[in-house]
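Working notes, beginning with the structure itself.
The values are calculated or read from the model by the stated rules, or taken from the named source; none is laboratory data. As the structure is a computational prediction, the values presented were derived from the model and not from experiment. So basically every Cβ, Gly included, is an ideal-geometry build from the backbone, and we count neighbours across all protein chains shown.
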Amino acid sequence: MDAESLVKLLGPSRVVRYERGPGYLLLVPPASGVEVRAYRERFTRLSTELAWVFVASTGTAVSCRAAALGRARGFFRRTWSWEVEGEDAEELRVLLSKVSGEEPIAGLLRKAKPEYVSVKAGEGELLVKVVKAVVGPYAGPLREAYDLSWKLAQLLAEGLSSSEGKMNEKWKNK
C-alpha cells in the first residue's frame, strides 16, 4: 500500500490535508494543532513484515519530561501496560492509565491492535508513535491506528499542557 492508497483508506473525514515529504507523508487530522507523519518501516519482529508508523505531534507546549512505552499484555483479554521513565514519570503514568482506560482511547487500542505505542514528552513538545504491522496483503485496522495516534496526542497534550504547569484539574478529578 503506497501513500496515496493510505490517504484514500483513511478518507476525507480523517485527513483534512496531506503533503509528501522525504520518506514520509504529513497528514493533518481534523483536530487543531495536531500533525501526523506516516511512514513505512520494516518491523523488527520478522524482517518480512512491514509496518505503518504514525507519529503525532502537537502544537501545544507541555511541561512534562518523560517517556513511555506501551505494549499489550495477555492473549484472550488484552490489557495495556506502560513502562514510564523520566523526571515527570509519575505524572505521565497517571495520565496514561486514565486516558488508556477510557473511551475513545480504550476502544481504539482494542480495535487497532498496534504492536506498540511510544510517548515522548519533553523540551516543550509531545510525540506519540503508534506502530501497526501489516502482514501480507491484509492492511489491518490502519484507520484506528491513525486515529489512536492523533487522539492520544490531543488528550495527553490537554492533560500535560504547560499553561498550568501540572496536570489540568479536569484530569486530577477523574
Worksheet item: Can we say Ala56 is among the aliphatic types (A, V, I, L, M), within 22 Å of Ala157 (Cβ to Cβ), crowded, with 18+ Cβ neighbours inside 10 Å and in contact with a strand residue (DSSP E or B) (Cβ under 7 Å, 6 or more places away or on another chain)?
Response: yes
Worksheet item: Using beta carbons and a limit of 7 Å, which pairs, at least six apart or on different chains, have the first residue in segment 60-79 and more than 19 Å from Val34 (Cα to Cα) and the second one among the aliphatic types (A, V, I, L, M) and modelled with pLDDT under 85?
Response: none
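This table checks each residue for (1) in contact with a Lys or Arg (Cβ under 9 Å, 6 or more places away or on another chain); (2) modelled with pLDDT of 90 or more.
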site	(1), (2)
Ala3	yes, no
Gly11	yes, no
Arg17	no, yes
Arg20	no, yes
Ser32	no, no
Arg42	no, no
Ala68	yes, yes
Ser81	yes, yes
Gly107	no, yes
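So, Phe75, is that one surrounded by fewer than 17 Cβ atoms within 10 Å (Cβ to Cβ) and of a type in the set (Phe, Trp, Tyr) or not?
On the way: surrounded by fewer than 17 Cβ atoms within 10 Å (Cβ to Cβ): yes; of a type in the set (Phe, Trp, Tyr): yes.
Answer is yes for this residue.
Do you know which residues across segment 5-20 are touching a residue at least 40 places away in the same chain (Cβ under 8 Å) and surrounded by fewer than 10 Cβ atoms within 10 Å (Cβ to Cβ)?
Across segment 5-20, the qualifying residue is only Gly11.
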